[in-house]
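Working notes, beginning with the structure itself.
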Amino acid sequence: MSKSPNKAYNIMKHFFLILVFIGFQFGWAQSANPVSWNTEVNKVSDTEIELITTATIEEGWHMYSQLIGDEGPEATQFTYETVESFQLNGTTKEDKGMMVHDSIFEAKIRAFKNTATFVQHISLKDKNLKEVVGEVVFMVCNNKRCLPPKKETLKFTLTEKSQAAAATTAQDSTKEQEQKGLFTIFIIAFLSGFAALLTPCVFPMIPMTVSFFTKQSKTRAKGIRNAVLYGFFIVVIYVFLGAVVTWLFGASALNALSTNVWFNLIFFIILVVFAVSFLGAFEIVLPYSWANKVDRQADRGGIIGIFFMALALAIVSFSCTGPIVGTLLVEAASKGGIAPFVGMLGFSLALALPFALFAAFPGWLNSMPKSGGWLNTVKVFLGFLELALAFKFLSNADLVLQLHILQREVFLAIWIAIFGTLAFYLFGKIKLPHDSPETHISVGRLSMGLLVLAFTIYLIPGLWGARLQLISGFPPAMHYSESPYGVGYTKTGGGESVSTEIPEGAHLGPNDIIAFTDYEDGLAYAKKVKKPVLIDFTGYACVNCRKMEERVWSDPSVLSVLKSDIVLISLYVDDKRELPEGEEVVSEITGKKLKYIGQKWSEFQTLRYKANAQPFYVLMDLNEENLNAPVGYTPDIEEYLAWLKDGIGNFKK
């Protein structure tokens, strides 16, 4: 008897690992460029140098050797700029590699997987030589398709970090930013799972379910094991849901959701429906026939029966958990990649944890609060939060289209109305259909009402131009407003504004920084005034971009540098304006024709800097060379200022 549960646990463990593997594969499957290049220099002596090039190849792809002959795929080829300051010693050496059966060319060909290192030995004639420039042409394939041969420029800086290495650093920074985003999604989902526990559909189920397992099991250990198994199946069901959402949309397609107008409008409608449901207008329920069929399966007992008990909980509690799960999937999907998978993992863990803990320590059940009207209060509270979040998605659609309908003042007025009404509800001044009669307000409800009221009062000065850094990134930016300097105020603080000389093709951007939205115009102006360029890859619907502008760029020390020492080029990757006739280009990544200006800048960022997250900042000189490694979201003011000064300092050398 003891071996059967162990076997079941091993099966479940492997099934869970498979789910995790599937989720991460969805996140990696749609890479725009399977190979990234890094360069470094090994100084053998004062005159002997090794130029080392490392290719990092994504899982599932292979890159061909230099030594595969003329037939078949394109061989990897290295060339180096011929100058009198050095001479090449022999040819570029490569790793041994491996013989792979290439299903595309139906032959065994020498190729590289995962990584490949190439070394070219040179002898210096001029010891003051600072840089060697090379070029690599390569081709990659997987089992289904090949990408066209691609050319990559390699720069070996003999005194400082190379340009390619800087691009790799930027990639690492982007990946770190994405990992932080996934961690944030996990924490929010985990807290949302606890919120779902405090709803009328789930909370009463905890003592009932735990009591069932402890009473029906012959031993306490078996009762605990069954309850843990029950919690595990809850996790499997919701994680599977997250994996399905990721699979249906695809990891790369999910990345576009946050800036897609139609998706944002659909999300707005969905969240409003969820909110109205939580407020008591109606209940969102799955067909009762589903619950009845699953309930009959749960009577079978054993592991199968426990699984169907977990499935029954998911179906029966859908009227409470559905809006929360839906909101999480909507928010996670807008982040892209495997975020829905990670979100459901966090949510289900929080939902399942109490069943296992209370089964292990049944005495804790006595300390649980009794079910009552407070559960409905929690449900209504979540409804107001969902309603507020819904308008963020409507705001995204307005920002991307630049309609100026839901400007900052309108958005804040709506939030003030929502949270003000919530405060009145918590104080008992408003009653909703499912509320039970109460003779007094509990201390907890009063405390929460005071917090919501304080937050509402905090929002009000935003109508007159206050920055509201507590919620920076959520409302539209200060410059996307009817009165950018506050109601009744102009740039000078009085009735008359000052004329600021703005170069042709530029405009006043965030914090009144002169900004260009076209790369060529901005670069031409930088050459004219002989200042370094700050490329700001941003988006109208990018929350972290607004946080940087409102919290970091607004700092006097940073703002002074941005206004006087650099030329700012802000490239909006979600700009939905169509490219002018005759300027349309074909994507090197997808092969499709680019229609919008934002698509052009997004592809520019991906191809040149191997990054696609925003914000993304690049400091470069007038020859379009990086002055230091690009950075992403950097909320620390001192760190960002140091990065600016480092790049500007390199420009002046």
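The values are calculated or read from the model by the stated rules, or taken from the named source; none is laboratory data. Note that this is a predicted model, so its numbers are computed, not measured. In this analysis, Cβ positions are derived from the backbone assuming ideal geometry, glycine residues included, and neighbour counts consider all displayed protein chains. Accessible surface is based on the protein model in full, side chains and every heavy atom, while ligands, DNA and RNA are left aside. Shrake-Rupley method; radii C 1.70, N 1.55, O 1.52, S 1.80 Å.
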Item to check | Under 5 Å, built H, 5+ apart or other chain: amide partners of Leu627 | outcome: Leu619, Met620, Asp621
Checklist entry - Which chymotrypsin sites (Phe, Trp or Tyr not before Pro) from segment 555-616 combine a DSSP loop assignment with at most 12 other Cβ atoms within 10 Å? => result none
Checklist entry - So who's got an amide H within less than 5 Å of the one on Phe86, skipping anything under 5 residues away but keeping other chains? H placed 1.01 Å off N, in plane. => result Lys125
Checklist entry - Which of the peptides 392-399, 426-433, 578-585 is most tightly packed, and how do the rest follow, going by the mean number of other Cβ atoms within 10 Å of each residue? => result 392-399, 426-433, 578-585
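Within 15 Å, Cβ to Cβ, of Ile471, how many net charges do the neighbouring residues add up to if Lys/Arg are +1 and Asp/Glu are -1? Intermediate values should be presented prior to the final figure.
Details: positive: Lys392, Arg408, Arg467, Arg546, Lys547, Arg551; negative: Glu409, Glu549, Glu550.
Summing Lys and Arg as +1 and Asp and Glu as -1 gives +3.
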Checklist entry - With every protein chain present, what accessible area does Met448 have (1.4 Å probe, heavy atoms only), rounded to the nearest 10 Å²? => result 80 Å²
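How high is the FRET efficiency between Asn89 and Val586 when r is their beta carbon distance and R₀ equals 45 Å, given to the nearest 0.05?
Working: r = 41 Å, r/R0 = 0.90.
Calculated value: 0.65.
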Checklist entry - When the distances between all Cα atoms of segment 402-491 are binned every 10 Å from zero, what whole-number percent does each bin get? => result 16, 39, 24, 16, 5, 0
Item to check | Reachable aspartates and glutamates from Lys645, criterion Cα separation under 13 angstrom, eight or more residues apart if same chain | outcome: Asp565
Checklist outcome for this item: In whole Hz, the Karplus estimates of ³J(HN,Hα) for segment 592-609 (6.51, -1.76, 1.60; θ = phi - 60°; x where Gly or Pro) are 9, 6, 7, 9, 10, 4, x, 5, 4, 6, 5, 5, 4, 5, 5, 6, 7, 10
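Which order do Ser65, Ser45 take when ranked by solvent-accessible area (1.4 Å probe, heavy atoms of all protein chains), largest first?
Numbers: Ser65 0, Ser45 45 Å².
Heavy-atom accessible area, descending, gives Ser45, Ser65.
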Checklist entry - How much of Lys108 can a 1.4 Å solvent probe reach, expressed as accessible area in Å² and rounded to 10? => result 150 Å²
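Give the calculated FRET efficiency between Asp555 and Arg145 to the nearest 0.05, with a Förster radius of 41 Å applied to their Cβ-Cβ distance.
Details: r = 48 Å, r/R0 = 1.18.
E between Asp555 and Arg145, to the nearest 0.05, is 0.25.
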Item to check | Bins of 10 Å from zero: percent of alpha-carbon pairs in segment 503-585 | outcome: 17, 48, 29, 6, 0
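Need the full-extension length gain, Asp646 to His101, defined as separation in residues times 0.36 nm minus the C-alpha distance. One decimal, nm. Intermediate results must be reported in sequence, preceding the final value.
On the way: separation 545, 0.36 × 545 = 196.20 nm, distance 4.86 nm.
Taking 0.36 nm per residue and subtracting the Cα distance, the gain is 191.3 nm.
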